[in-house]
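This report refers to the structure that appears directly beneath it.
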Amino acid sequence: MMSPRLPFTFRVLCVLCVPAIQPLEGQVADTVVLPEVVVTANRVATPPSEVIPTTTVISGQELRERGIRTVAEALLQVPGAAVVPVGSYGGVTSLFLRGGESDYVKVLVDGVPQNEPGGTYFFSNLTTDNVDRIEVVQGPGSVLYGSDAMTGVIQIFTRKGSGPSRVNGEALGGSFGSFIGSAGARGGSATASYSATLSRYSTDGTYPFNNRYVNTVGSAALRVQLDDRTDGVLSVRGDGNTTHFPTDFTGAATDSNSFTTGNVLTAGLDLGHQFTDKVELRALVTSNRQSDRASNVADSPGDTLGYYATSSLGNTYRNAMDLHLLLRPRAGAVITLGAGGEYEGIQETDAATFNFGTGNDSSSSAFNDNRTNWSGYAQALAPFGDRVVANLGVRLDDNGSFGVHFTERIGLAVRVFSATRLRGSFGTAFKEPTFREVAAQTPFEVGNPNLKPEQATSWEAGISQELLDGRLRASAAYFNQQFKDMIEYDAGVPPGTPNYYNVAEATADGVEVQVEARPIPVLSIAASYTNLFTRVDQAVAGAGPGSALEPGQPLLRRPDNQARVDIRTWPVRGLSAGAGLTWVGDRDDIDYNAFPAQRVVLPAYFTADFNAAYTLPMGGPPVTLEFQIQNAFDEVYQTVVGYPGRPRAVVAGARVEF
């Protein structure tokens with residue numbers, strides 16, 4: 001069932017006539033103060049006035065002030081981003097950006113890819129600890145970042161240290177037996193600086209049993225300036241988590257002991273040397289190693305029917321190196337010439353014990369695969385006077401799964417008046433298949449070694465406007481994306497033949513509108529609205545109402561309309577208070593409780609979050625009291641069929657810095 005959508009003509013008029021938030025210069029929002037440079041959009045520090053793709057920047061200071069502790073929560077304020085958590089804390093959390101699939105966004109921490117090979121990434125455990133800022137580039141990013149960057153790139157930058165060494169700590173507790181604790185240190189000089197944080201979050205969860213979640217994160221960064229022309233950054237991030245969950249695939253709480261554990265270790269070394277003022281060489285070496293385990297033993301002595309005991313262990317890794325030369329032939333112009341290589345691999349074992357009325361039996365399987373990717377890319381970014389900037393980029397990949405692939409992008413921005421900016425861009429992107437899609441060999445899943453990459457063709461047009469001496473910033477954008485060669489699972493093939501094929505095609509287009517205002521110095525207001533249309537244009541023959549990709553129907557779990565308002569005030573010295581109001585419209589989903597499974601529409605919902613922080617007016621180390629209330633009105637809603645949204649939760653505590 002399709003929800004109502006705005007007519008195309010009206011949506012285009014919104015772009016041309018309605019101002020909105022991502023402030024002007026390159027569509028970059030960071031409270032009201034624009035950052036000095038944006039890195040992710042062009043893979044080189046770029047003034048906001050020369051950034052063409054839609055890009056949102058969220059500062060670490062804002063995150064700490066609002067008490068935001070997960071990147072998923074931070075992304076709620078990004079237009080076009082649909083964040084979908086499943087169940088309680090620690091449950092799978094997916095991001096659908098501009099209507100794309102949940103594996104269509106490349107996630108980086110200090111340049112280190114976080115996605116599993118094939119693009120899969122769940123935001124459940126990605127925290128904002130030790131974060132300097134988050135940059136979100138909306139639109140195709142494969143020219144600079146390769147696979148996975150179909151609808152966007154998210155990059156988290158680790159906090160920098162400066163000045164005398166300082167130590168900070170934080171402790172909070174609240175609803176559902178939750179505890180949040182962290183300790184960190186940072187400091188440095190012009191030649192060397194560091195920052196490090198260790199945090200732990202635990203909760204008993206929102207279900208009455210088997211729902212404990214624990215997440216421990218450590219992150220650190222060391223920056224050195226070896227001489228006037230040579231610099232380096234070493235960053236490391238580790239995450240260990242355990243999630244207990246009682247729910248089955250329908251969302252029913254039926255299991256007393258199922259759990260998963262995950263351990264992720266990523267590291268990156270970024271080195272650069274300026275040979276002259278016009279020539280710079282940078283090298284980035286990255287590593288991502290991830291281990292995941294799932295266990296579900298028999299719940300009781302009487303639990304002996306069906307698949308009553310299962311376990312799995314998986315290890316994935318991504319090791320890469322990128323070398324790129326930056327040429328600056330004239331002021332503001334940058335030519336990037338780059339080449340890179342990546343080695344990916346997976347090792348997985350699965351075991352099951354089952355009884356379907358014929359006695360106990362068991363099965364096990366092992367899965368191992370790897371591939372190498374080589375790439376070369378080039379981009380030119382050039383301003384023409386102080387009113388026009390253009391970019392052009394191309395990339396060639398040789399992927400171990402599908403061979404050679406070409407991507408490109410082009411963009412233009414024009415300042416027509418002193419405070420009015422028009423921009424437009426076009427680009428293509430791709431995503432490599434997962435290892436299972438290519439090489440799985442089980443009774444229920446056979447990979448297809450002939451798969452092509454999934455592809456996207458995208459264009460956007462936007463306008464931004466500044467009024468009242470910068471106290472009001474506004475922008476709007478219209479985007480259109482065509483996805484093709486989407487990989488779909490076909491259960492109806494003969495046994496032993498591949499289940500995966502490049503069959504599906506889909507469309508996603510929409511309007512993003514934002515407004516940001518600072519009417520008085522002690523009040524900040526930001527509002528955004530997204531109108532999205534998605535449609536499955538082609539899928540596996542015979543796909544019906546119980547299929548995730550049903551021709552003529554919307555893509556699942558993407559709201560047609562959503563809006564967000566953030567209000568923050570500083571009424572008296574030391575006090576900061578704010579509210580985040582989120583409205584999510586109707587969206588399609590599949591109800592697996594029915595037989596056969598049926599497509600349904602989840603109703604719209606509204607949530608309100610409030611937070612406050614007060615720094616005590618006393619001598620010595622500053623002590624700040626913190627208070628948060630999420631879903632303050634205890635809205636009852638579902639994010640996914642069978643999985644209720646999180647109820648009202650209250651957290652309070654304090655942080656201190658020495």
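Residues checked against (1) of a type in the set (A, V, I, L, M); (2) free of Cβ contacts under 8 Å to residues at least 24 places away in the same chain; (3) over 30 Å from VAL109 (Cα atoms):
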position	(1), (2), (3)
GLU280	no, no, no
ASN296	no, no, yes
LEU323	yes, no, no
ILE335	yes, no, no
TYR343	no, no, no
GLN347	no, no, no
Of the residues in the range 182-203, those that are open to solvent by 40 Å² or more (accessible area, probe 1.4 Å) and closer than 13 Å to GLU170 by Cβ come to ALA183, LEU198, ARG200, TYR201
Can you tell me which of ALA579, ALA594 is among the small types (Gly, Ala, Ser) and either in contact with a Lys or Arg (Cβ under 9 Å, 6 or more places away or on another chain) or modelled with pLDDT of 95 or more (or both)?
ALA579
Is at least one residue of the range 596-612 open to solvent by less than 50 Å² (accessible area, probe 1.4 Å) and of a type in the set (Phe, Trp, Tyr)?
yes
Kindly establish whether GLU135 is at pLDDT 95 or above, part of a strand (DSSP E or B) and open to solvent by 10 Å² or more (accessible area, probe 1.4 Å).
no
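How many of the residues in the range 281-310 are within 28 Å of the chain's Cα centre (by Cα) and over 22 Å from ARG237 (Cα atoms)? Lay out the reasoning, then the answer.
Residues of the range 281-310 that are within 28 Å of the chain's Cα centre (by Cα), as a first pass: 282-295.
Then keep just the ones that are over 22 Å from ARG237 (Cα atoms); that gives 294-295.
So the count comes out to 2.
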Hits in the range 140-167 (condition: aliphatic (A, V, I, L, M) and free of Cβ contacts under 8 Å to residues at least 60 places away in the same chain)
none
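What about VAL137, is it within 25 Å of the chain's Cα centre (by Cα) and either within 30 Å of THR243 (Cα to Cα) or in contact (Cβ under 8 Å) with a residue 60 or more places away in the chain (or both)?
On the way: within 25 Å of the chain's Cα centre (by Cα): yes; either within 30 Å of THR243 (Cα to Cα) or in contact (Cβ under 8 Å) with a residue 60 or more places away in the chain (or both): yes.
Answer is yes for this residue.
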Return the pairs, sorted by first residue and then second, in which the second residue is open to solvent by 30 Å² or more (accessible area, probe 1.4 Å) and not in a loop (DSSP other than H, G, I, E, B), the first residue lies in the range 481-500 and is at positive phi, the beta carbons are less than 7 Å apart, and the residues are 6+ apart or on different chains.
ASP485/GLN455; ASP485/ASN502
Give the residues of the range 501-545 that are surrounded by fewer than 22 Cβ atoms within 10 Å (Cβ to Cβ), free of Cβ contacts under 8 Å to residues at least 40 places away in the same chain, in contact with a Gly (Cβ under 9 Å, 6 or more places away or on another chain) and hydrophobic (A, V, I, L, M, F, W, C), sorted by residue number.
ALA541
Conditions (1) surrounded by fewer than 23 Cβ atoms within 10 Å (Cβ to Cβ); (2) in a strand (DSSP E or B); (3) at pLDDT 95 or above; number of the one not met by SER219:
(1)
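Would you list the strands (runs of 3 or more DSSP E) that sit entirely within the range 548-658 and hold 3 or more residues that are under 30 Å from GLY184 (Cβ atoms)? I'd like the intermediate steps shown before the answer.
Details: elements: 561-569, 575-584, 587-591, 598-602, 605-615, 623-630, 638-640, 649-657.
Those strands (runs of 3 or more DSSP E) span 561-569, 575-584, 605-615, 623-630, 649-657.
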In the range 455-491, residue surrounded by the most Cβ atoms within 10 Å (Cβ to Cβ) [restricted to those that are touching a Ser or Thr at 6+ places or on another chain (Cβ under 8 Å) and of a type in the set (Ser, Thr, Tyr)]
SER475
I'd like to check something: does the range 307-315 contain any residue that is exposed (fewer than 14 other Cβ atoms within 10 Å of the Cβ) and in contact with a Ser or Thr (Cβ under 9 Å, 6 or more places away or on another chain)?
yes
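The values are calculated or read from the model by the stated rules, or taken from the named source; none is laboratory data. Predicted model only: the values in this text are computed from it and were never measured. Heads up, the Cβs are rebuilt from the backbone with ideal geometry, glycines too, and the neighbour counts pull from every protein chain shown. Heavy atoms of the whole protein, side chains included, go into the accessibility calculation; ligands, DNA and RNA do not. Shrake-Rupley method; radii C 1.70, N 1.55, O 1.52, S 1.80 Å.
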